[in-house]
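Each remark here refers to the structure printed beneath this line.
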Amino acid sequence: MDALEACMHDLHVTAAAVVDDHWQQIKDMEKQTQSWSDKSTLVLAAYRKGNHLQLKWIGTKWYGVKDARRQVKISIPRAKSELTYTMAKLRPWTKEWEAPIVEETERKITSIRKEAHFVVRSIMAIRNAALTEQNCAIESNGIDIEPESDPS
């Protein structure tokens, strides 16, 4: 169990490195842009709580005048049965210069999501097996089992 939890920690560290690399690429490209309309409106978020690792894309919209702008974050849905975002879902939020970076980053984090999914399933299976074993031990302690008598 400790090895699986260490694996989740390693996946989180890897995901954080991918997110940091993504943001560095975006910042480098945004330095070359001239107007706010050319800035990225897509945010990549990664967080871990317990054994849950979430890597998701969030769209942002800005409202208001220059000095009184406010940001509204919009969660971009992905299919529940899949562990990846399609570029069709992400494309409306990406700028032309940003699309290759987003596509490459999504490819990397998809593999992390899949691995984390299987690690969490393994942790759950081990915990359920331990509970089942514990429940069976409790039930068998309450029952007196008599040895079978020899019919001969």
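Pull out all pairs, ordered by first then second residue, where Cβ-Cβ is under 9 Å, the residues are six or more apart or on different chains, the first lies in the stretch 84-102 and is in contact (Cβ under 8 Å) with a residue 24 or more places away in the chain, and the second is among the small types (Gly, Ala, Ser) and in a helix (DSSP H, G or I). Pairs found: Leu90/Ala99; Lys95/Ser37.
Look at (1) closer than 22 Å to Asp20 by Cβ; (2) within 19 Å of the chain's Cα centre (by Cα); (3) assigned to a loop (DSSP other than H, G, I, E, B) and you find that Glu82 fails only one, number (1). Hey, can you tell me all the residues within the stretch 34-48 that are without any contact (Cβ under 8 Å) to a residue 12 or more places away in the chain and over 30 Å from Ser111 (Cα atoms)? Residues satisfying the conditions are Gln34, Ser35, Ser37. In the stretch 49-71, the residues that are in contact (Cβ under 8 Å) with a residue 24 or more places away in the chain reach residues that are surrounded by fewer than 10 Cβ atoms within 10 Å (Cβ to Cβ) and basic (Lys, Arg) with C-beta atoms within less than 9 angstrom, at least six apart or across chains, in these pairs: Trp62/Arg70. The set of residues in the stretch 44-55 being surrounded by fewer than 18 Cβ atoms within 10 Å (Cβ to Cβ) and among the aliphatic types (A, V, I, L, M) consists of Ala45 alone.
None of the figures in this text is laboratory data; all of them are computed from the coordinates on show. Every value quoted in this text rests on a predicted model; they were computed, and no experiment measured them. Cβ sites come from the backbone with ideal geometry, for glycine too, and all protein chains shown count toward neighbours.
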